[in-house]
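K.L.:
Quick one: this structure, given as structure tokens, is what I'll be asking you about.
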Amino acid sequence: QITIDEDQKGSRLLYKQPSILDGRTDVVSVTPWLAPIVWEGTFDPVLIDNIYKPMNLTIATTVFAVGKYVRFLQDFLETAEKHFMVGFNVHYYVFTDRPHDVPSVNLAQGRHLSVIQVPGSNRWQEISARRMEIIQTTIERQIRREADYIFCLDVDSKFHARWGSESLGRLVAVIHPGYYEETRDSFPYERRPASTAYIRMDEGDYYYGGAMFGGFVEDVYTLTKVCRKRFEEDAGNSIEAAWQEESHLNRYLLDNKPSKVLSPEYLWQDLKAKTKEVKVIRFSGVIKNYAEVRPN
Ligand code: U5P
């Protein structure tokens, strides 16, 4: 419980004393390279917001809604307004081939939305793959002047609970909800040595979800540039990584360890039952009919 105590010397933030003995013991909350793994109960939301708010940060949020995926925008944006980085400046960049179908959603003060037209495609794999390139060029053109941090998110998702400043870091990744109980040799990494996304069976830290990555704009810029280059190199060799950009992201993060890792609370799937370590689902992928929403 936090109270602001207004005394003559100005306001003071009163909060629970931190302890190094008392806290969550059912989950690991730090990686072996000492990056925090963010779980409910490992941070004090008001305290952490109080640190970041005075910095007057702008958080860029990219989201692709190509083809029929525009239908997911309304829920995505409405729930983001309720739960995502509330009280911060947020600039949404919506990439779509159907600008007229972008819904008008009431945005809170300090929050903006830009629609950026991108080509459609007949192959969903290509839409997914081209995201890295488009994010890279949009950072070059405008985002690096307009924001401090960036999050790149999947549109077929909804926010259900707070996603706040506890998620900010230099390079931020999220643990995929489907594989955190598995051993690394069963992760769906790219396993063909011919691909630049190749990961050996005895390597790998976690399986990260491609539905979210983020961090400082310049760190994400480098990530997108490298992944795009490797994707194009693979294409030149007629190879497409098993899970397109997710495979390249996992390869990149193996070599460039994230400075903050978000627990699966930050990337759940509506079709997956909640597990005991997940105390709160903050963001999750909606159930969709692939045959109906994808171009083919
Ligand atoms: N996407 C589209 N249109 C498509 C396929 C994918 O916009 O036809 C974008 C969406 O942002 C989606 C993301 O959230 O790529 C990942 O695609 P999927 O793996 O969820 O289908």
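Bear in mind that the values in this text are calculations on the coordinates, not laboratory data. The structure displayed is predicted, hence computed values, not measured ones. Positions of Cβ are backbone-derived with ideal geometry, glycine not excepted, and every protein chain shown enters the neighbour counts.
K.L.:
Just subtract the alpha-carbon distance of R12 and K82 from 0.36 nm times their residue separation and send over the number in nm, one decimal.
P.N.:
Extra length from R12 to K82 when fully extended: 22.5 nm.
K.L.:
Let me see the pair-distance distribution of the stretch 113-269: every alpha carbon pair, 5 Å bin width, integer percents in order.
P.N.:
Histogramming the stretch 113-269 at 5 Å steps yields 2, 9, 18, 22, 21, 17, 8, 3, 0 percent.
K.L.:
Check which residues have an amide H placed less than 5 Å from R111's amide H, if you skip close sequence neighbours.
P.N.:
Answer set, sorted by chain and number: V90.
K.L.:
Sum -39500 (n - 2.57) across every DSSP H segment of at least 4 residues in the chain, then divide by the residue count to get the 222 nm mean residue ellipticity, nearest 500.
P.N.:
It lands at -7500 deg cm²/dmol.
K.L.:
What is the stretch 193-284's relative contact order, in percent, from Cα pairs under 8 angstrom and six or more apart in sequence?
P.N.:
Contact order relative to length: 30 percent.
K.L.:
Once you have the Kirkwood Rh of the stretch 242-296 from its Cα pairs, apply Stokes-Einstein at 25 °C and 0.890 mPa s and quote D in µm²/s.
P.N.:
Rounded to a whole number, D works out at 179 µm²/s.
K.L.:
Cut-off under 28 Å on the C-alpha distance; same-chain residues fewer than 8 positions from K276 excluded. Which lysines are left, in chain and number order?
P.N.:
Of all the lysines, those that pass the test against K276 - Cα under 28 Å, at least 8 places apart if same chain - are K16, K82, K158, K257, K260, K288.
K.L.:
If you don't mind, there's one more thing I want to ask. For a quick check: with amide H placed at 1.01 Å from N, whose amide H comes under 5 Å from V155's, ignoring anything fewer than 5 positions away on the same chain?
P.N.:
Result for V155 returns F64.
K.L.:
Going toward the positive end of the dipole of the chain, with +1 on Lys and Arg Cβ and -1 on Asp and Glu Cβ, which of S165, Y198, Q142 do you reach last?
P.N.:
Projecting each Cα onto the dipole axis, the largest value belongs to Q142.
K.L.:
Name the most mobile residue of K53, K225, K82, meaning the one with the largest mean-square fluctuation, in a Gaussian network model of the chain with Cα contacts below 10 Å.
P.N.:
K53
K.L.:
With all distinct Cα pairs included, what does the Kirkwood hydrodynamic radius of the chain come out to in Å, to one decimal, could you say?
P.N.:
The Cα-based Kirkwood calculation yields 20.1 Å.
K.L.:
Can you give the Rg to Rh ratio for the stretch 1-154, taking only C-alpha atoms and Rh from Kirkwood?
P.N.:
Rounded to two decimals, Rg/Rh equals 1.06.
K.L.:
Applying the Karplus parametrisation 6.51 cos²θ - 1.76 cosθ + 1.60 with θ = phi - 60° to the phi angles of the stretch 232-241, what ³J(HN,Hα) value in whole Hz is obtained for each residue in order, glycine and proline being reported as x?
P.N.:
Going residue by residue, I get 5, 5, 4, 4, x, 9, 6, 10, 10, 4 Hz, with x marking Gly and Pro.
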